[in-house]
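The values are calculated or read from the model by the stated rules, or taken from the named source; none is laboratory data. Quantities reported herein were computed from a predicted structural model and do not represent experimental measurements. All Cβ positions, even for glycine, are placed from backbone atoms using ideal geometry, and neighbour counts span all protein chains on display. Ligands, DNA and RNA are excluded from the accessible area calculation, which covers all protein heavy atoms including side chains. Shrake-Rupley method; radii C 1.70, N 1.55, O 1.52, S 1.80 Å.
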Amino acid sequence: MKRILCSCLLLSLVMFMAFASGSSEAVDDGTDTITALLPPISNQFLSRIDEVEAAFHEKYPDLYLEIEAASWDDRIEKLDTMINAGTPPDIAFLGSEYVSKYVDMGVALDLTNFLTEDMISDFQEAPLNYMRNGDGIYGLPAYMEIHGLGANKEYLELLGVDYKTIQTSGWEFGEFLDVVSRGVGVKGKNSEAEYGLIWATTGSTTKNFIEIFGKNAGMPSEFDENHKYTYTSTKFLEVLRAAEKLMDNGAFMNASAGERWNMFLSGDTVFTGKGLANFENNAALNNEKILAGTGDQVADSVLVDYVVMPVPTLNGADPAYYCVVDGYLAFRGREMPSDEHISNVAKAIYFLASGSNAAQINSELFAVNITNSANEAAAEYPYERDADNYAANMYLMAHAAPARPDIPAELSAEATKIMDTVIIPSFQALLAREMTAEEMFETVRSEAIARFGEDGCVLD
């Protein structure tokens with residue numbers, strides 16, 4: 001008994017020391033523990049953590065997956081604290097825009113030589129490329145979500161908008177502005193639109209309008225193919241002028257993300273932005289509460305049928321819809337883990353991002369599956385979508401802005417600084433009528449030239 005107890009204590013000590021060094025390591029008996037810091041990826045995901053861990057261990061009897069839950073709000077702060085202490089998790093759930101940040105910091109783990117060909121070929125190429133930087137693959141995507149517009153079907157029909165054609169063909173800003181303008185005051189059966197468009201432009205959501213409309217204005221990335229910064233182009237000036245035009249007709253209200261969604265459900269606007277696929281489900285669930293008379297629907301809400309609509313194009317540009325690719329990134333501690341452990345981390349990431357686990361998450365998000373294995377498992381997790389909205393999402397996916405893994409991490413870091421310190425506060429000033437589109441454009445251009453030089457900027 002003493003020998004057994006000592007062996008158990010020794011095993012526990014080895015596993016503890018491995019975790020404390022920044023990542024778990026395989027121990028002498030062949031077992032290995034992989035740690036993951038994950039937020040509530042979908043509505044039900046956190047309630048299934050025990051099931052996910054058990055299913056992984058069943059598939060790989062010598063491996064253990066330990067998931068630590070984090071909120072959407074504190075996950076980055078928690079991860080950075082762990083990184084600074086030299087003890088990051090093996091896996092963290094992040095947006096692909098963070099890949100360059102952690103590659104630049106030297107803590108992201110390149111999985112290129114540890115993901116098998118079967119794993120790689122399971123994924124669609126477009127979302128997979130968002131997890132690349134240079135020649136490395138630093139994780140696997142969970143989903144690719146396109147940011148579009150949400151619209152009130154009743155209002156579109158009253159305004160005579162051929163929305164079904166637009167859903168699969170797109171439209172230009174002039175046409176969109178006309179509908180937004182005419183939408184002010186349109187009366188439905190149970191509501192009247194006070195605005196044509198409500199967009200969330202507070203806090204971290206401020207940059208969404210810039211990025212989403214910018215990609216559809218001929219700037220699919222912050223850098224062109226020659227790695228020149230694009231927000232110094234007059235195409236960006238047209239994006240700022242578009243924002244002014246939306247404000248000029250009194251049809252554009254700034255709001256927080258929660259406010260604009262509640263106002264959409266209350267019938268206060270024709271359009272809401274940004275629009276996400278799962279908003280269709282959220283609206284449908286609220287409708288069910290209204291019809292059931294449970295009293296727990298959104299305050300003052302009415303029956304609303306949610307319509308997925310594309311963001312309009314500007315400058316005669318081809319559509320390049322803004323997409324969010326979130327996924328599972330791999331990390332290293334102060335010491336580089338063994339090849340065996342990195343291989344096990346790759347297995348865990350693939351397990352989380354594919355098959356039944358991915359299919360269940362995507363069904364709850366109304367997201368399109370991006371792996372063959374998830375498509376095969378999708379029959380176990382059916383969900384009802386409006387056929388026209390599904391067609392619209394497929395159109396948006398087909399015209400998603402491509403990933404740019406070729407952009408050096410240091411350039412991306414500088415662009416992020418300009419966004420955070422110059423573009424966001426300047427756009428807030430523009431929305432408050434404290435700055436014109438031309439003044440903001442010159443402010444951004446001056447800062448970019450100071451950082452990248454004239455040769456590093458698009459000057460047209």
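For E376, the requirement of being part of a helix (DSSP H, G or I), at pLDDT below 95 and not aliphatic (A, V, I, L, M) is not met. Among the criteria (1) assigned to a helix (DSSP H, G or I); (2) open to solvent by 50 Å² or more (accessible area, probe 1.4 Å), the one T294 does not fulfil is (1). The listed residues are M419, M394, and the only one of them that is more than 24 Å from L37 (Cα to Cα), open to solvent by less than 10 Å² (accessible area, probe 1.4 Å) and under 21 Å from the mean Cα position of the chain (by Cα) turns out to be M419. Taking region 326-347 as the range and being aliphatic (A, V, I, L, M) and surrounded by fewer than 23 Cβ atoms within 10 Å (Cβ to Cβ) as the test, the residues that pass are M336, I342. Close contacts from region 39-52, counting a first residue that is touching a residue at least 40 places away in the same chain (Cβ under 8 Å) and a second that is open to solvent by 90 Å² or more (accessible area, probe 1.4 Å), with Cβ to Cβ under 8 Å and a gap of 6+ residues or different chains, come to P39/W72.
With the requirement that a residue be over 20 Å from the mean Cα position of the chain (by Cα) and closer than 16 Å to T168 by Cα, what does region 397-416 give you? Listed by number, the list is empty, since nothing qualifies. Within region 359-373, being open to solvent by less than 40 Å² (accessible area, probe 1.4 Å), over 16 Å from A126 (Cβ atoms) and in a helix (DSSP H, G or I) holds for A359, I361, S363, E364, L365, S373.
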